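*Asks:* My questions all concern the structure below.
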Amino acid sequence: MQIGASLPIGDIGTGPAVIREYGQTVEGLGFDYIITGDHVMGANPAKPNPSGVRVGTNEHPVHDPFVVLSFLAGCTTCLGFATGIVIMPQRQTVLVAKQAAGLDLLCEGRFRLGVGVGWNEIEYEGLNENFHNRGSRSEEQVEVMRALWAEPHVKFEGRYHTIDDSGINPRPASGRVPIWFGGHADAILQRTARIGDGWMPLAYGPGERALAKFEQLRTWTKEAGRDPAEVGVEVWISLGVGTPDDWRRDFTFWKNAGVSHIAGHTTYNAGRHKRIQGRTLADHVAAARLFIEAVKDLR
C-alpha cells in the first residue's frame with residue numbers, strides 16, 4: 001500500500017521555494033508519492049457561458065506536470081510521482097513519451113503516468129487537437145509510447161500515428177513507464193483491464209458501488225488473460241471532511257477492497273470530494289501531517 005499527497009499549487013503558489021519546501025516536507029513526513037493534475041489552458045473566467053456546458057477557466061494556476069515533477073525530482077531523494085491525470089489526446093504522443101521518459105530517469109523509476117481524455121473542449125481547440133475522437137486516439141497513444149520506451153528504434157503504422165524506424169533517447173531505464181487510466185465509463189475500465197497498469201477512480205466513496213466496480217475490473221482483467229493482481233487501483237481521501245478516525249476507517253475499507261494507492265487530497269473539490277478550508281502552505285502541510293499520522297500504521 002502506497003500513500004500519496006496532492007500538490008496544492010493553486011493555494012501555496014507556483015514559485016520554486018514553496019514547491020521545494022512542500023515536496024521535501026511531504027517526503028520527510030513519510031508519504032510515498034506526490035500526485036498532480038494537468039490543464040494546459042482555460043477560458044477567461046469573466047466570459048459569459050450561455051450554453052451551460054462545463055468550461056474550465058484559467059482562474060487558478062496549474063503547472064505543467066512534467067515540469068513541476070521534474071523539478072521536485074531534483075529536490076527529493078525517494079519520493080514517487082504520479083500524474084492524475086495527463087490529458088493525453090490533447091498532447092502529441094511522441095512528445096509525451098519523451099517527457100515521461102525523462103522524468104522517469106530523473107526520479108529513478110518512481111513515476112506513474114496517469115492518463116485520461118479530459119472534458120474541457122477549449123483546450124483541444126487551443127492545442128489544435130480533435131476533441132471528438134479523443135477516446136479512440138488515446139488507446140493508440142499508449143501503444144506508441146510503450147513501443148518508444150521499449151525499443152531504440154520503432155516502426156509503427158496506425159490509424160493516427162506513423163513512425164518510420166526512429167525513436168527517443170534517453171528511454172526509461174526499465175524500458176517502460178506504468179500507465180494508469182483515469183475515468184469511470186465502462187470503456188475506461190475495459191481499457192484498463194486490457195492494457196492498463198492501474199485505474200484511478202474518483203467518483204466512488206467507500207461502499208458497495210465501489211466494490212462492484214472493482215469486481216467488474218477484476219472480471220474484465222481475467223477475461224483479457226491478465227492477472228488482476230497486476231492492475232493497481234488508486235483512490236483519494238478528501239482531507240477537507242471528516243476526522244482522523246474517519247480517514248482511518250475509510251483507509252481500512254479501501255485496503256481491504258484491494259486498493260494499492262491512497263492519496264490524501266487537500267484541494268480537489270467536486271462531487272463527494274471537499275477541499276480543506278485553509279489556503280497557506282502551513283494549512284496544507286498540517287492537513288498532510290494529520291493524515292499520514294492517522295493512517296501510516298495501516299499501510
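*Asks:* Would you please classify the overall shape of the range 223-299 from the alpha carbon gyration tensor, given that a ≥ b ≥ c denote the square roots of the eigenvalues, rounded means a/c under 1.5, and beyond that prolate means a/b larger than b/c while oblate covers the rest?
*Replies:* Because a/c hits 1.5 or more and a/b exceeds b/c, the range 223-299 counts as prolate.
*Asks:* Here is a further query. Mind jotting down the distance between the C-alpha centroids of the range 226-267 and the range 75-121, whole Å?
*Replies:* 21
*Asks:* Quick one: P(r) of the chain from all Cα-Cα pairs, 5 Å bins, percents rounded to integers, in order of increasing distance.
*Replies:* The percentages, shortest bin first, are 1, 5, 11, 15, 18, 18, 15, 10, 5, 2, 0, 0.
*Asks:* Taking 2.2 N^0.38 Å as the expected size of a compact globular protein, what ratio does the Cα radius of gyration of the range 20-130 give against it, to two decimals?
*Replies:* In units of the 2.2 N^0.38 Å rule of thumb, it is 1.19.
*Asks:* Shifting gears a bit: Among the listed pairs 98/296; 98/255; 213/274, which are separated by more than 25 Å between their Cα atoms?
*Replies:* 98/296; 98/255
*Asks:* What is the fewest-to-most order of 217, 127 by other Cβ atoms lying within 10 Å of their Cβ?
*Replies:* Ranked by crowding around the Cβ, least crowded first: 127, 217.
*Asks:* Something else now. Among 278, 225, 80, which one shows the highest mean-square fluctuation when the chain is modelled as a Gaussian network with alpha-carbon springs under 10 Å?
*Replies:* 225
*Asks:* Something else now. Using DSSP to define loop residues, name the trypsin sites (Lys or Arg not before Pro) in the range 29-138 whose beta-carbon has at most 16 other beta-carbon atoms within 10 Å.
*Replies:* Answer in residue order: 54.
*Asks:* Still on this model: Percent relative contact order of the chain, based on C-alpha pairs within less than 8 angstrom and at least six residues apart?
*Replies:* Over the chain, the number comes to 19 percent.
*Asks:* Turning to a different aspect of this structure: Quick one: 253, 31, fewest Cβ neighbours within 10 Å first, how do they rank?
*Replies:* Listed from fewest to most nearby Cβ atoms, that is 253, 31.
*Asks:* Moving on. For the range 160-238, what is Rg from Cα atoms divided by 2.2 N^0.38 Å, rounded to two decimals?
*Replies:* For the range 160-238, the normalised Cα radius of gyration comes out at 1.33.
*Asks:* When only alpha-carbon atoms count, how far does the range 64-187 stretch along each of its three principal axes, as whole angstroms with the largest first?
*Replies:* Largest first, the range 64-187 extends 41, 33, 29 Å along its Cα principal axes.
*Asks:* Related question: How would you rank 166, 138, 51, going from fewest to most other Cβ atoms within 10 Å of each one's own Cβ?
*Replies:* Least to most surrounded, the residues fall as 51, 166, 138.
*Asks:* Cut-off 10 angstrom, C-alpha nodes, Gaussian network model of the chain. Which of 119, 199, 247 fluctuates the most?
*Replies:* Sorting by GNM fluctuation, first place goes to 119.
Any read-out appearing in this document is the output of simple, stated calculations on the displayed coordinates, not a laboratory observation. Please read all numbers here as calculations on a predicted model, not as lab measurements. Ideal geometry is used to build each Cβ from the backbone, glycine not excepted, and the neighbour counts take in all protein chains shown.
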